[in-house]
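Reviewing the structure listed below.
Every read-out reported here was derived from the displayed coordinates using simple, explicitly stated rules and does not represent laboratory data. Because the structure is predicted, anything quoted here is derived from the model rather than measured. Positions of Cβ are backbone-derived with ideal geometry, glycine not excepted, and every protein chain shown enters the neighbour counts.
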DNA sequence: CTGTTAGCGCTTTCAT
DNA sequence: ATGAAAGCGCTAACAG
């Protein structure tokens, strides 16, 4: 065989010629075998085997048929971080489940945060889009909308013409915040990034710049409300913004807070991973929850059960599945997902 | 707008007509903007905006151009489990990184273990394939090979015509097994599944059916060798086969071993997650490592550092990247990846 | 700088 | 049951 193989792929026409039948008979052999005589089919398959024909070309088929049987997934700025974020991975599992069920491929679009992200969205051959939580100013949203195909955003932002799936983050934050801040005097919040720059910072809630990630914004608003409900002003709440959703970073940030002149006596985090990091920092400082510091997480992941964390339960996996179903079903509905607060031992009893 | 939108997508020809230019001028506007006068380009873009044209159709472009700029990833039988396996997720991160770098999409093929997996491989529009570790008898391998496109298998099996990337699992298992079994009398192995059925079982090594997953097979062979090196026969080594790579399952299995009439005094696992489960089972039984039971993991994940686990270090992420590079580069080389043993406190000192 | 021609590989009519 | 024609939407190649 020619070492510079795959020079030119075999075509259906070549197979048909070799089999001594028309192109259509060859095509039917692959797509509607029942319509072809056993004899003809055998000839076609034999010819295909001889020529090493791997079946009808998927691109040509897509062009003719008008659909790719593939769902596009946009994972936000830095693709590589998505696979390190357990929340994103759960979500992807849900999307993948629905795709597999229906025989759809799932294409992760190569978005990187660079200027050409739009072009990369435009050149992907997919029938619809699922967009993982992003910021209001993410240009990818416009690119997805311009494709005029069914598309669903998870978490936010809400975009005219695109579907939206997610929980009421503000209400959930207020509810879990009530447990976190109960009996506390110096509450703190461990936050996800405010914008795609993912700057880290520590500031009083009232001094914080506006968050461009709707999910972060809503949770902050809910925590603020919870503090207010507890008679504590937003200017008295310390908010520490982490760049990534990772236990190690949260641990370092929490250690900093604990070593500060005004250490918190309650920390409401935005993920169970973050909360796990806080617990480790407490441990390292010789403190414990909830006696010294109440701690809450978010998601009710396995780690929350192990660590006896009070947390917000939601299923990212089923939200991923809902997004996929909506994007594949051609609908673009606003779906409100379920959540609940799971009260465990990391917060103070009444 | 018509509520039954997306009835028929706008085409480049329509845009050209509306702009009063030829189709090629419109095409150049998108692909070689420098070749078009500013005036013509403006007319084309205006027409496109008016008609809501989202850019050249990706399928048509792929057909014409002969490449999809997309890499296919085959994740083994049950797609949904892949996202729950931290090893697979690291690997995917590596693949994704290379794809993003080069502007390639990454399509997860909707393989489920059902009979139509081959068809699903055949109908995906991709330029090459990366196949995550699978079993010798996985029919997906033949389907991938039949596509005659660059393809690389991770871990195994080795397939004629496909590339292979992975470490020398046998040598690594022998090396880490030496530490695990040092000074032990009743060693045990916590194994990955033997076949795609993923049956769980506990048996003496010598009574075990052959493993169809080459990675599992090689590691078992290495552990056997390590036992032999320590003067212990394979019939004296208990092998517990777990269905999934998860700490919870390993914990349950390990608890069973510890409660058996002949509890192990050393356990060599096939992942750090499994080893973490073993440590928890020890803890629950009031035992500790390495005094009562020596424990080793595999991968040197974050959890291995936290738990002071002796383990095999390898980078699944860079192996994923290597697979992607090979599959996209058109090469299909046999690449041997690096590994080393990291000795920590979970095994007995000399 | 712009346009004409041809055809990527396949499948949907519509015959026969 | 099989086949001929037409064209999905686009762009390389070559004029002009």
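The table below lists the values:
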| item | result |
| --- | --- |
| Pseudo-label separations to other copies for residue A:139 - Cα-to-Cβ vector, 7 Å, nm | 4.7 |
| For residues of B:146-158, the mean tally of beta carbons on other chains within 10 Å | 2 |
| Candidates A:238, A:29, A:335: whichever shows maximal mean-square fluctuation once chain A is modelled as a Gaussian network with Cα springs under 10 Å | A:29 |
| Separation of the residue B:60 and residue A:338 label points, Cα + 7 Å toward Cβ, nm | 4.6 |
| Distance cut-off 48 Å, percentage of C-alpha pairs in the protein assembly as shown lying past it | 23 |
| Calculated FRET efficiency for the pair residue B:67/residue B:305, C-beta based, R₀ 35 Å, to 0.05 | 0.25 |
| Highest to lowest packing among B:176-187, A:263-274, B:198-209, scored as the average C-beta count within 10 Å | A:263-274, B:176-187, B:198-209 |
| Percent of beta bridges antiparallel (DSSP, chain B, rounded to nearest 5) | 20 |
| Label point 7 Å beyond Cα along the C-beta direction, distances from residue A:206 to other copies (nm, shortest first) | 7.8 |
| GNM flexibility winner over chain A from A:155, A:286, A:94 (Cα, springs under 10 Å) | A:286 |
| Pairwise centroid distance, computed over Cα atoms, of the stretch A:75-116 with the stretch A:145-195, Å | 19 |
| Fully extended contour minus Cα-Cα distance, from residue A:284 to residue A:11, at 0.36 nm per residue | 91.7 nm |
| Simple label model, 7 Å out from Cα along Cβ direction - residue A:252 to residue B:259, nm | 4.3 |
| DSSP-defined antiparallel bridges as percent of all bridges, the protein assembly as shown, nearest 5 | 25 |
| Paired Rg and Dmax values of the stretch A:26-126, which use every Cα atom, in angstrom | 19.1, 56 |
| Amide N of the stretch B:91-125 lying under 18 Å from the label point, which is placed 7 angstrom from the Cα of residue A:102 along Cα→Cβ | B:107-112, B:120-121, B:123-125 |
| Cβ neighbours within 10 Å from other chains - mean over A:106-116 | 6 |
| Residue among B:125, B:19, B:221 with the largest mean-square fluctuation in a Gaussian network model of chain B, springs linking Cα atoms under 10 Å | B:19 |
| Relative contact order of the stretch B:169-313, pairs being alpha-carbon contacts under 8 Å that are 6 or more residues apart, as % | 28 |
| Shape category assigned to the stretch B:110-222 from the gyration tensor of Cα positions, a/c cut at 1.5 | prolate |
| Projected-area mean, the stretch B:3-56, by convex hull of Cα positions, square nanometres | 3.4 |
| Kirkwood hydrodynamic radius of the stretch A:257-321, Cα pairs, Å | 12.2 |
| Sorted peptide list for A:44-56, B:104-116, criterion being average Cβ within 10 angstrom, highest first | B:104-116, A:44-56 |
| Exam field: residue B:183 pseudo-label spacings to other copies (7 Å along Cα-Cβ), nanometres | 4.6 |
| For residues of A:62-69, the mean tally of beta carbons on other chains within 10 Å | 5 |
| Counting DSSP beta bridges with both ends in the stretch B:132-265, the antiparallel % (nearest 5) | 35 |
| Set of the stretch B:129-150 residues, backbone N closer than 17 Å to the point 7 Å along the Cα-Cβ line of residue B:158 | B:133-137 |
| Hypothetical label at residue B:291: residues of the stretch B:333-348 whose amide nitrogen lies under 16 Å (7 Å Cα-Cβ projection) | B:345-348 |
| When the convex hull of its Cα atoms is projected in every direction, mean area for the stretch B:169-313 (nm²) | 7.3 |
| Semi-axis lengths, Å, the stretch A:70-166, gyration tensor of Cα atoms, sqrt of 5 times eigenvalues | 18, 15, 14 |
| Dimensionless Rg over Rh [chain B; C-alpha; Kirkwood] | 1.15 |
